[in-house]
Amino acid sequence: MSEERVPCVEGLFSEENGVAVLHGSKCSNCQTPYFPRSAACHNPDCDDSNMEDFDFGGKGVLWSYSVADFPPPPPHKFDQPFVPYVMGVVDLDCGLRLIAQMVEKPEEVKVDAQVQLIIDTLYHEDGKALTTWKFKQI
Amino acid sequence: MREVAVIGVGMHRFGKTGDDIVGTKSVGELCRTAVDAALKDAGVKWKQIQAVAAASSRFSGGKGWGLNGNDVVEDLGSTGVPVYNMSAGCAAGGNAFNVGYSMVAGGVYDIMLVVGGEVMPKGMIQTSGVEEATDPEFLRQRCIGMPGPSFWSTLARRRMFEYGTTEEQFSQVAVKARQCSVHNPNARFQKAISLEDVMNSPYVSNPLRLFQICPVSNGAAAAIICSAEVARQFTSKPITVATSTVATMTFDDMLPRGLADPITDCPNLHTEAQNAVTSAFERSAIGPGDISFTELQDNTCYYELAFPEEWGLCKPGESERLLMAGETTPTGSMPINPSGGFVSFGEATTAMGVFQIAELTWQLRGQAGGRQVPDAKVGLAQTLGLGGNATAAILKR
Ligand SMILES: [Zn+2]
């Protein structure tokens with residue numbers, strides 16, 4: 001672990017003992033989960049919004065995915081040369097349908113695969129590795 | 001509520017900045033052509049128009065404030081009429097039509113102009129451009145990086161998993177669309193393409209290829225609508241607006257729109273579109289089985305397969321069979337986008353809802369030439385816009 005790892009956006013997620021944690025919130029009245037944190041519950045059937053900080057993570061099932069064959073425009077950042085990557089949409093066991101890059105190559109990815117949330121490098125800047133949350137097939 | 005009729009429609013052919021069709025024309029010039037054509041088609045003079053409902057654009061005209069209707073009124077001659085500028089992303093044209101329809105139906109005005117026009121910037125539509133950790137679109141791009149078309153390819157991939165849809169079938173939708181466009185003088189692309197052409201076009205976002213995704217275009221469309229009573233002064237064959245609806249998405253929608261959404265048991269991915277179409281069926285007492293043809297928002301070929309199922313025009317998983325059997329062509333049992341659709345026109349975003357009204361009108365009058373749906377009696381139109389906006393309209397003769 002020679003290089004310093006820094007989240008690409010502060011406060012959204014962290015790595016605790018090697019485990020990926022997303023910092024979101026949950027309404028204690030209707031149990032609706034939110035990521036990123038939400039100041040209020042958006043469920044129209046919930047008449048008593050009561051938000052509490054809540055950490056998400058763990059495993060899920062890949063609902064679908066797409067491939068970025070070309071680099072997206074800023075504010076996205078990536079290491080040169082650009083390598084096509086997979087973006088997965090995952091139904092996490094904790095109740096969130098979450099989007100993230102996947103660590104696998106396009107030809108390795110299968111819809112309905114079991115995946116694990118991890119923290120991984122997104123790009124490098126000023127000698128540091130900027131990290132984000134990603135999925136890894138298990 | 002009074003009965004409302006469409007008595008005139010017009011369009012400026014769609015094109016791309018710098019080409020032989022639209023060249024360097026401003027959105028004002030495109031709208032002028034469409035409005036002049038609609039007035040002429042209706043036999044109505046500009047001074048007879050009592051109010052204007054226009055689609056608001058963030059890309060062109062409107063003095064940078066989306067005041068596109070005011071631009072049109074100034075150009076045609078400031079008569080002092082009320083102007084309603086409607087903003088709803090790509091659903092804005094449908095929204096403007098709904099406001100016009102509601103005003104005339106409610107007896108506020110007897111005759112109105114509905115208009116939408118667009119000169120689009122080059123390349124993919126850029127997102128918010130805000131660099132703040134509180135902006136969900138910024139987070140989506142910084143933490144993940146999602147090019148626009150990847151959103152559609154995620155849906156296409158899911159459909160391949162659920163129903164075994166093949167890349168050839170997505171391509172066949174484009175082949176069918178471009179076959180229609182051959183007969184549409186307003187389409188940007190008017191040349192038929194083969195299955196091979198589509199399959200040989202490059203991936204924009206795997207599994208979707210260049211010819212399966214609509215580009216952005218410049219264009220404009222206009223419609224003159226009025227009460228049934230006023231319509232009789234101008235024509236013996238008005239087209240009747242059976243209904244026009246607007247809806248927004250519901251909380252349980254499962255389309256992955258942000259970074260994360262709560263998982264619900266809602267099977268629907270486009271609740272705004274489904275709500276708009278379903279409420280159009282309810283309000284008009286016209287059912288899916290009564291629809292002669294549909295003009296739907298096909299930003300990508302995926303939607304031509306998914307939407308008819310989401311609205312009950314056919315059963316889930318049935319679209320591919322209907323497509324391959326030719327049932328979605330103008331002469332089939334479930335014609336979809338006989339105009340050639342967005343895939344043949346390109347998307348002049350806020351004009352599209354009005355573009356659909358023009359095509360429905362031509363089809364219902366029997367003026368659609370080589371793309372005519374035989375004996376078309378009832379047409380359904382649908383738009384979908386950023387922010388969870390959607391509209392639907394049902395026209396009949
Ligand atoms: Zn709640």
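The values are calculated or read from the model by the stated rules, or taken from the named source; none is laboratory data. Computed from a predicted model, the values in this text were never measured in an experiment. As a convention, Cβ positions derive from the backbone with ideal geometry for all residues, glycine included, and neighbour counts pool all protein chains shown. Just so you know, the surface numbers come from the protein's heavy atoms only, side chains and all, with ligands and any DNA or RNA stripped out. Shrake-Rupley method; radii C 1.70, N 1.55, O 1.52, S 1.80 Å.
Worth a mention:
- Peptide packing for B:351-363, B:56-68, B:310-322, B:204-216 was compared via the average number of neighbouring C-beta atoms within 10 Å per residue; ordered from the highest value, the list is B:351-363, B:204-216, B:56-68, B:310-322.
- Each residue of region B:161-176 is assigned a 3J(HN,Hα), and the resulting list reads 5, 6, 10, x, 4, 9, 4, 5, 5, 4, 5, 4, 4, 5, 4, 4 Hz, derived from the Karplus form 6.51 cos²θ - 1.76 cosθ + 1.60 (θ = phi - 60°), x at Gly and Pro.
- Where GluC sites (Glu not before Pro) in DSSP loops with at most 14 other Cβ within 10 Å are excluded, longest remaining stretch of chain A: A:11-138
- For B:Gly8, distant residues with modelled amide H under 5 Å away: B:Ile224
- Simple Cβ-charge dipole of region B:140-210, Lys/Arg +1 and Asp/Glu -1, about Cα centre, in debye nearest 20: 340
- Here r is the Cβ-Cβ distance between B:Ser78 and B:Thr17 and R0 is 25 Å; the resulting FRET efficiency, rounded to 0.05, is 0.30.
- With the highest mean first, a sort of the peptides B:73-81, B:13-21 on other beta-carbon atoms found within 10 angstrom per residue produces B:13-21, B:73-81.
- Take each residue of peptide A:38-49, count the partner chain Cβ atoms within 10 Å of its Cβ, and average: the result is 1.
- Within straight-line cross-link reach of A:Lys128, lysines at Cα separation under 22 Å, skipping those fewer than 8 residues along the same chain: A:Lys77
- The mean number of Cβ atoms from other chains found within 10 Å of a Cβ in peptide A:54-64 is 2, as a whole number.
- Volume of the convex hull of chain B (Cα atoms only), normalised per residue: 134 Å³.
- Sorting A:Ser14, B:Ser244, B:Ser236 on solvent-accessible area from highest to lowest, probe radius 1.4 Å, gives B:Ser236, A:Ser14, B:Ser244.
- Overall dimensions of region B:140-210 by Cα: Rg and Dmax, Å: 14.4, 45
- Note on A:Glu52/A:Glu125: beta-carbon distance plugged into 1/(1 + (r/R0)^6) with R0 of 41 Å gives a FRET efficiency of 0.75.
- In the calculated pair-distance distribution of the protein assembly as shown, the portion above 47 angstrom amounts to 13 percent of the Cα-Cα pairs.
- Backbone N within region A:33-66 under 15 Å of label point (7 Å from B:Glu132 Cα along the Cβ vector): A:39
- Note on B:Lys377: lysines with a C-alpha under 19 Å away, same-chain residues under 8 apart excluded, are B:Lys237, B:Lys396.
- Phi angles across region A:74-87 convert, under the Karplus curve 6.51 cos²θ - 1.76 cosθ + 1.60 with θ = phi - 60°, into 3J(HN,Hα) values of x, x, 5, 10, 8, 6, 7, x, 5, 10, x, 9, 9, 10 Hz, Gly and Pro given as x.
- In order along region B:360-375, phi translates into HN-Hα couplings of 4, 5, 4, 4, 6, 7, x, 9, 8, x, x, 10, 4, 7, x, 6 Hz, rounded to whole numbers, per the Karplus curve 6.51 cos²θ - 1.76 cosθ + 1.60 with θ = phi - 60° and x for Gly and Pro.
- Set of lysines near B:Lys191 by C-alpha distance (under 19 Å), chain-local residues within fewer than 8 positions excluded: B:Lys16, B:Lys176
- Net lengthening on full extension, B:Lys47/B:Ala192 (0.36 nm per residue, minus Cα-Cα): 48.0 nm
- Ratio of Rg to Rh over region B:156-296 (Cα coordinates, Kirkwood Rh, two decimals): 1.03
- The calculated P(r) of region A:4-137, using every Cα pair and 5 Å bins from 0, goes 2, 10, 18, 19, 18, 16, 9, 5, 2, 0, 0 in percent.
- B:Asn200 versus B:Lys237: modelled label distance in nm, points set 7 Å from Cα along the beta carbon direction: 4.3
- Unpartnered cysteines - no second Cys beta carbon under 4.7 Å - across the protein assembly as shown: A:Cys8, A:Cys94, B:Cys31, B:Cys90, B:Cys143, B:Cys180, B:Cys214, B:Cys226, B:Cys266, B:Cys301, B:Cys314
- Per residue of B:204-214, other chain Cβ atoms within 10 Å of the residue Cβ number 2 on average.
- With the helix formula -39500 (n - 2.57) applied to DSSP H stretches of n ≥ 4, chain B reaches a computed 222 nm mean residue ellipticity of -10000 deg cm²/dmol.
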